[in-house]
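Enquirer: Right, I'll just put the structure down here and ask away after.
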Amino acid sequence: MGRDEASAASRWVWVHVGVAALAMAATLPGRTHGLGLFTEPILKSTGIGRETYGTVNLVATLVGALFCVPAGFLLDRLGPRVVLGLVASLLAATVTLMSQWEPLTLVPLAAFILLTRGLGQSALSVVSLALIGKSSGRDSRWAVGAYSCLVTVFFMGAFGVLRDVVKTNPDEWRGPWFGIGMGVLIAGVVGALAVRPSVLRASTSGEAAAPSRTFGEALRTGTFWAFALGTSFYGMVAAGTSLFNESILKERGFAKDIFLNATVVGIPVGLVANLGGGWLSTKVHIGRLFAGALVVFSAALAVFPQIVAEWQVYAYAMTLAAAGGVITVCFFSIWQRAFGPAHLGRIQGAAQLLTVLLSGFGQWLFPAVQARFTEYAPLFPFLAGGSVLLAVFAWVAPVSIAERNAR
């Protein structure tokens, strides 16, 4: 490749960064945060019980995780451009068809949620991460940082629009859901057309070898389990609170508009936390940083049952977002730093699988506790305690290859 071509390819990498972020935002209908905006009107229109709905989401999340396997297979053979267009189109078709299906009884609802979870949360997420990884090459710090910021901005914009839609028609979900499906289709088509395979080939050529641990060695370290379990525990709580947040806040005496405001207010805080966490990870021991974020997360969970004022709801939401932003940055940063690049895919895949499993469990746990105790509050002290224990684990776990060899 000539100098001019290499220069053009390096510039187009930033287009790929934007496309990858757009693809991640298009996973919204398959994510708990997206479904959570419409949980109450879906339950009302279908007559399905809250615990049954939580179980449906649990099963859909677990089974939907298997969609990662064919997505990875197709990415290796067809490339991100084709797979992005294919997966986004299938997700859009699923979402729009779900919005029009009558009557939407338990079986078709379960099938639609399974497909949105599998195609959105799993397959399209894999496509997005593969595109940013294949485009940015070995030195990916700035590209990944820009990608993280754009993902947050895109989600913030989507939630801002949907917040207004939900406030206008709080009991209606079919129209907004159809609109989301159309948005996914447009994002997928435009994104696929913007991907250049030549840029992917240029970015992945000439990668230098680096010290690495095998998959088995990684699983035998405390580092893997500290970061995988800590992030998965955060994801479990985030999944449960996001899917049933309207009901959780209603239990504390807060109206729907406060629930919608709380959904949006945490997003810019998470963006700042992503940037601040990325900077701090270069200055502070990443295990200590991760442990500190888990402690902050624990504190928010511990005080939630005592919340009585609207400003406290927003403070709680912003604290969760800040802790989650740092936890996420640490999760994405740790694997290559600790284990090297040679077996990174399998190591990250195992960690991601664990996050999906606990995310699904969280969607069952919250309504199960509410059904048995008639409220969610008894669960929060146990969640806070679990987060503290995981923080201690992260604090003592070694991180870098050099540190492990020294010990």
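Just so you know, all these numbers are worked out from the coordinates, no wet-lab data involved. Since the model is a prediction, treat every value here as computed from it, not as a measurement. Here the Cβ positions follow ideal geometry from the backbone for every residue, glycine too, while neighbour counts run over all protein chains shown.
Enquirer: Using a Cα distance threshold of under 19 Å, what count of lysine pairs results for the chain when pairs must be 8 or more residues apart or interchain? Present the calculation step by step, with values, prior to reporting the outcome.
Expert: Working: LYS44/LYS167; LYS44/LYS250; LYS44/LYS256; LYS167/LYS250; LYS167/LYS256.
Lysine pairs, 8 or more places apart or on different chains, close enough: 5.
Enquirer: Rounded, prolate or oblate, given the Cα gyration tensor of the chain, with a/c below 1.5 counting as rounded?
Expert: oblate
Enquirer: Assign unit charges at the C-beta atoms only (+1 for Lys and Arg, -1 for Asp and Glu), then state the dipole size of the chain relative to its Cα centre in Debye, rounded to the nearest 20. Don't skip to the answer; put the middle values down first.
Expert: Details: 28 positive and 18 negative charges, 196 e Å.
Once rounded to the nearest 20, the dipole reads 940 debye.
Enquirer: Sticking with this one: Rounded to the nearest 20 debye, what is the charge dipole size of the range 209-407 about its Cα centre when +1 sits on each Lys and Arg Cβ and -1 on each Asp and Glu Cβ?
Expert: 620
Enquirer: Once you have the Cα-Cα distance between LEU193 and THR282, take 0.36 nm times their residue separation minus that, and quote the gain in nm to one decimal. Intermediate values should be presented prior to the final figure.
Expert: Numbers: separation 89, 0.36 × 89 = 32.04 nm, distance 3.60 nm.
Roughly 28.4 nm would be gained on extension.
Enquirer: How much length, in nm to one decimal, is gained on full extension between THR214 and ILE307, taken as 0.36 nm per residue of separation minus their Cα-Cα distance?
Expert: On the way: separation 93, 0.36 × 93 = 33.48 nm, distance 4.67 nm.
Difference between extended and current length: 28.8 nm.
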